[in-house]
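Just below is one structure, and these are the notes that go with it.
Taken together, the values in this text are just the output of simple stated rules run on the coordinates, not laboratory data. All values reported here derive from a predicted model rather than from experimental measurement. Cβ sites come from the backbone with ideal geometry, for glycine too, and all protein chains shown count toward neighbours.
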Amino acid sequence: MTDQVQKILQIADDELILGWRNSEWTGIAPMLEEDVAFSSIAQNEIGHARAWYELAARELGPTANELAFDRRPDEYRCSRLVELRLVPDWAATIARHHLYETADEERIAALKQSDDTEIAGLAAKIDREEAYHRMHAQMWFERLQDEPRFQEALDELRPLLDVRGEPTSELAELWEEMTMVRRSVAGATW
Amino acid sequence: MSENSKHPTGQPRRTHGQSPHVLKTGTASGALKEEQVWDALAEIPDPEIPVISLVDLGVIRSVDVSRDQVRVEFTPTFLGCPALEVMRDAMAARISALGADPQIEVILDDSWSTDRITPAGREKLRAGGFAPPAPREVGGPKLVQLQSNAFRCPYCGSQDTALENIFGPTPCRSVRYCRSCRQPFEQFKTI
């Protein structure tokens, strides 16, 4: 596996797993607006994951679906930050959202400069959508920044951003949930 | 709006009416013309905002007719939009109905932006109660702009509108509120 495809797989895993975690707020967010926001962000992140997996599948095969769902939980390379199940902790959720979107902005900016035109083009397309995630994170950061609980969550979660590839029970549980239909219904796709 | 002025109809390849891609099938009484394909695609409504067609939306980048094959380059709007598969299948069905073999190629690059929505499409959105997207500026949209009153209510035309939610019922929409006619409305996001 080349470094490049490994990097793409990391991003795809991050977006897929975070998308699932964000969707856990669907129906139970503290306000209707946030229910809609986190559901919509989840939908975008999973769409980005699919596009990255499709790119990775050209080298690794066979398809985006297989890469997303048929690897073992210990083969995922997502950040520890996105694996955590944070519902119903709103302060920690916003802290993760802010940390992730800030780091993701840098990563996308670098990918937009890639010599590989497909990677650069996809990164630029994704960036147009991510701009709205960043605005949402910014809005909540401004609202919560003086809250001690929020600051504590930021301090606690920040070091987890760069932890990858250490199998956790939380990811294994999420994987069970995420792949249940696929494993039980022949031919099931996204 | 520079992109719109370059592609005023969203159909750059047929604007001169003399397509180099129209080939005769030899036996058929009328060979399929590129324009017929564009016309057929222009009848497909957006699955989630049916007031606007796929051609109005600017997601069809090119149409090439070669013998009995029609190749369409299709650029998704939002990557997580569940309507994409529906759009792709609808295009394939329309082209099959014209008696040709459809090849729909999904292009995952950065060539679609809301500036690709045609002027006619923008007007249809407005008439349907969706505020059309603001033109994209260099550097993309900013929170301070969304929170400003630079957006016009599609019902009464007032600019006295406020951001209610950056996100809405589909990835492409935000929700705003008009303080003048007291009507909430959906604002197409600029991307």
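General observations
- Long-range amide H partners of B:Phe185 with built H, under 5 Å: B:Arg176, B:Tyr177, B:Cys178
- Out of every Cα-Cα pair that the protein assembly as shown contains, those further apart than 33 angstrom amount to 36 percent.
- Taking 10 °C and 1.306 mPa s as conditions, chain A diffuses translationally at an estimated 93 µm²/s according to Stokes-Einstein applied to its Kirkwood radius (Cα pairs).
- Lone cysteines, the protein assembly as shown (no partner Cβ under 4.7 Å): A:Cys78, B:Cys81, B:Cys172
- Cα-Cα over 25 Å, subset of B:Lys33/B:Lys124; A:Lys112/B:Lys189; A:Lys112/B:Lys142; A:Lys7/B:Lys142; B:Lys33/B:Lys189; B:Lys124/B:Lys189: B:Lys33/B:Lys124; A:Lys7/B:Lys142; B:Lys33/B:Lys189
- When only Cα pairs below 8 angstrom with a gap of at least 6 residues are kept, chain A shows a relative contact order of 25 percent.
- Using a Förster distance of 51 Å, the FRET efficiency for A:Arg164-B:Arg182 (Cβ separation, nearest 0.05): 0.55
- The modelled label-to-label distance for the pair B:Tyr155/B:Asp101, using points 7 Å beyond Cα in the direction of Cβ, is 5.2 nm.
- Between A:Gln6 and B:Ala127, the distance separating the two model label sites (each 7 Å from Cα on the Cα→Cβ line) works out to 5.7 nm.
- In this calculation the C-beta distance from B:Ser148 to B:Lys33 is compared with R0 = 56 Å, giving a FRET efficiency of 0.75.
- Relative contact order %, region A:1-79, counting alpha carbon pairs below 8 Å whose residues are six or more apart: 40
- Legend: P(r) of region B:130-188 from all alpha carbon pair distances, 5 Å bins from 0, whole percents, reading 4, 21, 32, 27, 12, 3, 1.
- Taking 0.36 nm per residue of separation and subtracting the current Cα-Cα distance, fully stretching the chain between A:Arg71 and A:Glu156 would add 27.7 nm.
- As a calculated quantity, the FRET efficiency between A:Ala172 and A:Ser23 at R0 = 22 Å, using C-beta atoms, amounts to about 0.75.
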